[in-house]
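Notes follow once the structure below has been shown.
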Amino acid sequence: MNRSSPSLQTPSLPVLPRLTQAQAPLTHHVEVVNERGEAEQVQIPAERPLTIYVDKRELVTLMTLGAQPELLVLGYLRNQRLIESVFDIESITVDWEVNAAAVHTRHGIARIEERTASKVVTTGCGQGSVFGGLMDEVDRIALPDAQLTQAQLYGIVNAIRLKESTYKSAGSVHGCALFQGEELLTFVEDVGRHNAIDTIAGWMWMNPETAAADGVAADNAPATPTPMSGADKVFYTTGRLTSEMVIKSAQMGVPIVVSRSGMTQMGHAVAQQLGLCAIGRATNRRFVCYSGAQRLVLQPELAVAPAARAGGDV
């Protein structure tokens, strides 16, 4: 009988967690009365609680739209620094009948009671509190060098404008997206922008890169997948840039963030400390760069509409 020697067996690759694909309606029809006193049917975003259990221990309840709940849970655990690697998770099972997500880890979470004891009330909608300690990690974050041209910024804003979304049909939700240049990689909507960025963090972890193109290292051992790099990415949000949004973007390794809205004082202070490029009030051809302007390649001539540049009517 031919048996492989244990010493010659090829080590197995780390295994990504098993995720369910739980689905729930994203909108709900209600009857309203319009300005003419007429009754009509409109859509509003669905909102539902999702209680996260980690190894049978209740952790937190998030209010969410529920579009990609498994990625939301994964990204939440990542951004709260409760797990260090996607490979620490064995499975995430979401059951909307009981509004619960069951997370099974491979080795447990060390000091989970201590690490989840401190909570900070946030300004975000859809998520009432987060575990403390995020600010403690700011000094340990080093963002990569990256630049964005003004033309690429306009491309990002236009891509979001053209994107079909729950917001267009029902309103009352935030949208977040991850771009590589002008290419839209993923787009997420939720009742809170914090949920949306956590979902993107989970998506990045479930789409890792490998050290070698063929998946095999030079010594013939399988190449270990590594988390998707944020170095050449741009994070976009329809919501304001608070300190937590800035920190979460930096934790994902994304050095440039763009918002349709504005920025808070603490968000600005953290962005400056990190050297993160924060662009706000980005609509049409208008924007302001709050921090990290050295990362933005300005092309002021593009701020003028083409008809105006040609001398025609605007």
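Could you tell me which residue of segment 153-173 is nearest to the chain's Cα centre (by Cα), considering only residues that are small (Gly, Ala, Ser) and part of a helix (DSSP H, G or I)? Residue satisfying both the conditions and the ranking: Ala159. Checking each residue in segment 256-279 for being outside any loop (DSSP other than H, G, I, E, B) and free of Cβ contacts under 8 Å to residues at least 40 places away in the same chain picks out Val257, Ser259, Met263, Gln265, Met266, Gly267, His268, Ala269, Ala271, Gln272, Ala278.
Kindly evaluate Glu90 against the criterion of being of a type in the set (Asp, Glu) and surrounded by 14 or more Cβ atoms within 10 Å (Cβ to Cβ).
Yes.
Could you look through segment 239-255, keep only residues that are assigned to a loop (DSSP other than H, G, I, E, B) and within 12 Å of the chain's Cα centre (by Cα), and pick out the one that is surrounded by the most Cβ atoms within 10 Å (Cβ to Cβ)? So that I can check it myself, show each step before the final result.
Within segment 239-255, the first condition is being assigned to a loop (DSSP other than H, G, I, E, B), and the residues that meet it are 239-240, 242, 252-255.
After this cut, where a residue has to be within 12 Å of the chain's Cα centre (by Cα) as well, the list is 252-254.
Values: Met252: 23, Gly253: 19, Val254: 27.
Ranking the qualifying residues of segment 239-255, first place goes to Val254.
Contact map, segment 33-55: residues that are more than 30 Å from Pro17 (Cα to Cα) and outside the structural domain of Ile92 (by TED's automatic domain parsing) paired with residues that are modelled with pLDDT of 85 or more and crowded, with 16+ Cβ neighbours inside 10 Å, Cβ distance under 7 Å, separation 6+ or inter-chain. No pairs are found.
Being among the charged types (D, E, K, R), surrounded by 11 or more Cβ atoms within 10 Å (Cβ to Cβ) and modelled with pLDDT under 90 is the filter here; which residues of segment 266-314 pass it? Walk me through how you get there before you give the answer.
Within segment 266-314, the first condition is being among the charged types (D, E, K, R), and the residues that meet it are 281, 285-286, 295, 301, 309, 313.
Next, only the ones that are surrounded by 11 or more Cβ atoms within 10 Å (Cβ to Cβ) stay: 281, 285, 295, 309.
Answer for segment 266-314, where residues must be among the charged types (D, E, K, R), surrounded by 11 or more Cβ atoms within 10 Å (Cβ to Cβ) and modelled with pLDDT under 90: just Arg309.
Residues in segment 109-126 that are surrounded by fewer than 12 Cβ atoms within 10 Å (Cβ to Cβ) and modelled with pLDDT of 70 or more: 4 in all. Return yes or no: is Ser129 touching a strand residue (DSSP E or B) at 6+ places or on another chain (Cβ under 9 Å), modelled with pLDDT under 70 and farther than 21 Å from Thr199 by Cα? Considered against the rule, which asks whether it is touching a strand residue (DSSP E or B) at 6+ places or on another chain (Cβ under 9 Å), modelled with pLDDT under 70 and farther than 21 Å from Thr199 by Cα, Ser129 comes out as no. A Cβ distance below 6 Å, combined with a sequence gap of six or more or placement on separate chains, defines the contacts here; from segment 56-85, residues that are touching a residue at least 24 places away in the same chain (Cβ under 8 Å) reach residues that are of a type in the set (Lys, Arg) in the pairs Gly66/Arg48; Asn79/Lys248.
Quick one: which of Asp190, Asp214 is at pLDDT below 95 and more than 21 Å from Arg260 (Cβ to Cβ)? Working first, answer last.
Details: Asp190 fails: more than 21 Å from Arg260 (Cβ to Cβ).
Just one listed residue meets the conditions, Asp214.
Please determine whether any residue of segment 65-81 is of a type in the set (A, V, I, L, M, F, W, C), surrounded by fewer than 19 Cβ atoms within 10 Å (Cβ to Cβ) and outside the structural domain of Met245 (by TED's automatic domain parsing). Talk me through it step by step, then tell me what you get.
Just the residues of segment 65-81 that are of a type in the set (A, V, I, L, M, F, W, C), to begin with: 65, 67, 71-74, 77.
Next cut, surrounded by fewer than 19 Cβ atoms within 10 Å (Cβ to Cβ) only: none.
Looking through segment 65-81, none of the residues is of a type in the set (A, V, I, L, M, F, W, C), surrounded by fewer than 19 Cβ atoms within 10 Å (Cβ to Cβ) and outside the structural domain of Met245 (by TED's automatic domain parsing).
The values are calculated or read from the model by the stated rules, or taken from the named source; none is laboratory data. Just so you know, these numbers come straight off a predicted model, no measurement behind them. In this analysis, Cβ positions are derived from the backbone assuming ideal geometry, glycine residues included, and neighbour counts consider all displayed protein chains.
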